[in-house]
1. Taking square-rooted eigenvalues a ≥ b ≥ c of the alpha carbon gyration tensor, is segment 65-129 rounded, prolate or oblate, where a/c under 1.5 means rounded and, failing that, a/b exceeding b/c means prolate?
2. Taking every pair of alpha-carbon atoms in segment 23-70, give the share separated by more than 14 Å as a whole percent.
3. Could you calculate the contour length gain from D126 to E50, that is, 0.36 nm times the residue separation minus the distance between their Cα atoms, to one decimal place in nm?
4. Nearest 0.05, what FRET efficiency do K81 and F117 give at R0 = 35 Å with Cβ-Cβ as r?
5. If R₀ is 25 angstrom, what is the calculated FRET efficiency for the pair R88 and T65, using the beta carbon separation as r and rounding to 0.05?
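Computed from the coordinates by the stated procedures, all read-outs in this text should not be read as laboratory data. These numbers were taken from a predicted model, which means no experiment stands behind them. We place every Cβ from the backbone using ideal geometry, glycine too, and count neighbours over all the protein chains shown.
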Amino acid sequence: MEPLEVLKTREKSSVTKLTRNSKILKAIIQAILDKKGENIISLDLRKIPEASADFFIICEASSTTQVKAISDFIEVQLKEKCGEQPYRHEGKQVAQWVLIDYINVVVHVMHPESRKFYQLEEMWSDAVSVVHES
């Protein structure tokens, strides 16, 4: 273990700050719009200390088939346009709520009943939210 003085002088890694205009956010939102996702909202969690990501993007799809299609298309588009692979994804088997984790951005593609039940926007109501429409 290094002494604290050494840690203070160590150069910080050059991590790109994620902004609302970041290419990854735009690519995700465009992929959702291309597959007719609805009620798209982004939550800026950067000022919330407990948040596990910088942004949540939440949308809904009218069927489990569409939930899967949107989530698959997001992954394809981000790989093509941004060179990004998800850290992990969950929920594709049941397709009621698919979560795609890109570390700083977490995408939630939800069936309307699941979205109404879990109320993510209410849970993170202190985040700045933006509605995205086609």
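1. It is oblate, given that a/c is not under 1.5 and a/b is not larger than b/c.
2. I get 53 percent for the Cα pairs in segment 23-70 exceeding 14 Å.
3. Full-extension gain reported as 26.2 nm.
4. The formula returns an efficiency of 0.60 here.
5. 0.65
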